[in-house]
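Worksheet: one structure, shown below.
The values are calculated or read from the model by the stated rules, or taken from the named source; none is laboratory data. Everything numeric here is computed off the predicted structure, so don't read it as measured data. Cβ atoms come from the backbone with ideal geometry, glycine included; neighbour counts cover every protein chain shown. Only protein heavy atoms, including side chains, enter the accessible area calculation; ligands, DNA and RNA are left aside. Shrake-Rupley method; radii C 1.70, N 1.55, O 1.52, S 1.80 Å.
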Amino acid sequence: MNNCVRIFDTTLRDGEQSPGATMTTAEKLEVARALARLGVDVIEAGFPAASPDDLEAVRRISLEVGKAENGARVPIICGLARTVESDIDKAWEGVRESSHPRIHTFIATSDIHMQYKLKMTRSQVEEKVASMVAYAHNLCSDVEFSPEDAGRSDPEFLYRVLDIAIRAGATTLNIPDTVGYTLPDEFGALISGIIKNTPGIEKCTISVHCHNDLGLATANTLAGIRSGARQAEVTINGIGERAGNTALEEVVMALQTRHQVLDLNTNIDATQLARVSKLVSNYTGISVQPNKAIVGANAFAHEAGIHQDGMLKNNQTYEIMRPEMVGVSQTSLVLGKHSGRHALNERMTALGYALDDDAINKLFDRFKLLADKKKTITDADLEALVSDELYQPKVIFTLDGLQVACGTMGLPTATVRLIGPDGKASVHAAIGTGPVDAAFKAVDAIVNASSTLVEFVIHAITEGIDAQGEVTVRIANSDQPSRMNPQNENEPLRTFGGYGADTDIVVASAKAYLSAINKMLVANGAYGSVEIPAVQTIK
Ligand code: KIV
Ligand code: ZN
């Protein structure tokens with residue numbers, strides 16, 4: 001058995017389809033580029049049948065990230081499809097122009113799903129698997145098949161279905177614990193049982209796809225790998241339906257850190273993990289909890305006196321990985337007011353960014369403004385500036401001015417000036433429950449679109465009274481329901497994330513809000529197609 005575990009990233013499919021993680025096509029492209037540089041083997045780029053936007057995003061990723069030039073290694077680009085001809089056709093349309101296309105088709109095999117959701121008998125499901133895997137195989141030589149809810153399926157039926165899928169042409173068999181129900185030893189035994197009882201399984205790659213409802217996704221994925229699976233389906237920061245999917249960074253670092261025990265490798269460049277985590281968090285507006293393994297703000301922080309004492313004597317006392325192994329910089333003081341453009345460029349290069357002249361000029365202007373307010377500028381500050389200045393959706397409305405009055409006397413009031421798509425300035429003043437609420441209301445009045453604030457998270461990037469505040473928001477679009485079933489009014493509303501950073505937290509909040517609003521306006525189609533300014537972050 002080979003000792004390389006393929007990393008199949010589904011941030012742009014299972015991650016992006018979860019509540020609040022909506023990304024624009026341009027953002028998906030930027031994430032896909034970052035995933036390719038990270039070294040993932042497969043990018044599940046979307047579910048093309050879900051909407052024309054999803055199809056377009058998958059197609060663009062195939063063309064711009066999945067096309068091998070001059071023999072360069074590029075990931076497999078995969079599109080998801082139900083076992084339905086029209087879905088499979090759409091998935092093929094999305095991936096066909098990539099150098100290594102894959103169609104991933106799925107149908108549920110647990111009794112509860114078949115009886116209540118599909119209203120199909122076992123033999124009807126078997127028939128669908130045979131015909132639709134064959135249909136997909138006719139279009140594409142690389143076909144992945146998933147028996148949805150495998151974790152709760154009757155193993156004997158599962159072996160039969162997998163056998164049918166193999167005979168119909170599936171090359172990867174993915175075993176999902178769709179509802180995060182299994183325990184690690186059960187899931188490991190399920191994979192062993194499949195290997196033992198499914199004829200022809202040795203011709204296929206076995207994949208595992210775990211959800212985190214009981215907080216066991218990473219443990220289950222590792223159990224599956226230890227039983228013989230050689231592909232792990234994961235997302236950045238573990239985003240995904242409900243409690244999320246298995247986190248890419250956790251599986252990769254478990255394999256790397258415990259290499260002596262597991263003797264398994266991946267193709268991932270772990271030093272990029274922190275940066276990709278931040279990119280995904282900024283684009284989705286889903287913040288990473290501080291104590292999140294590997295990429296949380298506290299993952300390498302030592303507060304307790306005994307721990308700090310141990311760390312000073314030998315960092316291995318309390319650290320099983322060095323922070324720089326996952327791209328967390330330990331340098332605190334980097335640059336100051338007198339640092340020049342060249343020093344900034346050097347530091348950005350050391351952090352793994354290769355910015356073009358235009359991007360470095362924009363960043364330098366922001367850096368100078370920040371250096372006037374803040375004595376020392378850390379790597380974290382620089383990363384926040386990149387996110388705030390460069391990783392933003394197309395600017396439809398720009399914040400040109402903000403003034404607030406707040407406190408215990410009088411009504412919190414905000415006056416906002418925005419530059420609109422026609423280049424004209426609009427000013428509006430509003431009152432609110434606080435200065436942030438007032439600022440958001442003033443923005444709403446100018447952009448004239450209805451949305452609901454779903455989440456608002458604020459935190460200080462560095463320590464100290466002069467620290468920059470970092471804000472992520474999520475808003476729900478009151479005008480546009482989610483993608484799969486626009487006719488169904490019970491479908492959740494589509495939500496959009498935004499990010500902003502500034503030493504003034506009300507300004508950071510207004511920027512984050514506006515960045516989410518800009519995305520929403522683009523998704524509504526009011527301002528044509530959109531590009532994010534291309535930021536080349538090639539390491
Ligand atoms: O969780 C799941 O079962 C899925 C399948 C589509 C693979 O995401
Ligand atoms: Zn899933």
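Observations on the model:
- Rounded to the nearest 20 debye, dipole of the range 6-284 from Cβ charges on Lys, Arg, Asp, Glu: 340
- In this structure the chain gives 42 Å² per residue of accessible area when probed at 1.4 Å with all protein chains present.
- Counting only residues at least eight positions apart within a chain, or on another chain, the lysines with an alpha carbon under 25 Å from that of Lys119 are Lys90, Lys128.
- In degrees, nearest ten, helix 155-168 long axis to first principal axis of the chain (Cα): 90
- Take every pair of alpha-carbon atoms less than 8 Å apart whose residues are at least six positions apart; their mean separation over the length of the range 412-459 yields a relative contact order of 33 percent.
- Overall, the accessible surface of the chain at a probe of 1.4 angstrom is composed of carbon and sulfur to the extent of 51 percent.
- Gly240 long-range amide H proximity, modeled H, under 5 Å: Asn245
- Charge dipole magnitude, Cβ of K and R +1, D and E -1 - the chain, Cα centre, debye nearest 20: 460
- An ellipsoid equivalent to the chain, defined through the eigenvalues of its Cα gyration tensor, has semi-axes of 41, 28, 21 Å when rounded to whole angstrom and sorted largest first.
- Applied to the range 291-298, the Karplus parametrisation 6.51 cos²θ - 1.76 cosθ + 1.60 on θ = phi - 60° returns per-residue 3J(HN,Hα) values of 8, 5, 4, 6, 10, x, 4, 9 Hz, with x for Gly and Pro.
- Counted by Cβ distance under 10 Å from Val31, the other residues give a net charge of -2, where Lys and Arg count +1 and Asp and Glu count -1.
- Charge dipole of the chain about the Cα centre (unit charges at C-beta), most positive-ward option of Ala247, Pro290, Thr317: Thr317
- Around the amide H of Ser146, modelled in the peptide plane, lie the amide H atoms of Thr105, Phe106, Ile107, Asn174, all under 5 Å away and 5 or more residues distant in sequence or on another chain.
- Couplings 3J(HN,Hα) for the range 22-37, derived from phi with the Karplus relation 6.51 cos²θ - 1.76 cosθ + 1.60 (θ = phi - 60°), are 4, 10, 6, 4, 5, 5, 4, 4, 5, 5, 4, 4, 5, 5, 5, 5 Hz, where x marks Gly and Pro.
- DSSP-defined beta bridges in the chain - what % are antiparallel, rounded to 5: 50
- In order along the range 92-100, phi translates into HN-Hα couplings of 5, 4, x, 9, 4, 8, 7, 5, 10 Hz, rounded to whole numbers, per the Karplus curve 6.51 cos²θ - 1.76 cosθ + 1.60 with θ = phi - 60° and x for Gly and Pro.
- Quarter the surface of the alpha carbon convex hull of the range 6-284 and you get the mean projected area, 13.3 square nanometres.
- 0 to 90° range, to nearest 10: angle between helix 248-257 axis and the chain longest Cα axis: 80
- Given a 1.4 Å probe and the protein chains as shown, Glu30 ends up with an accessible area of around 10 Å².
- Backbone amide hydrogens, once placed in the peptide plane, bring Gly180 within less than 5 Å of His211, Asp213, excluding anything fewer than 5 places away on its chain.
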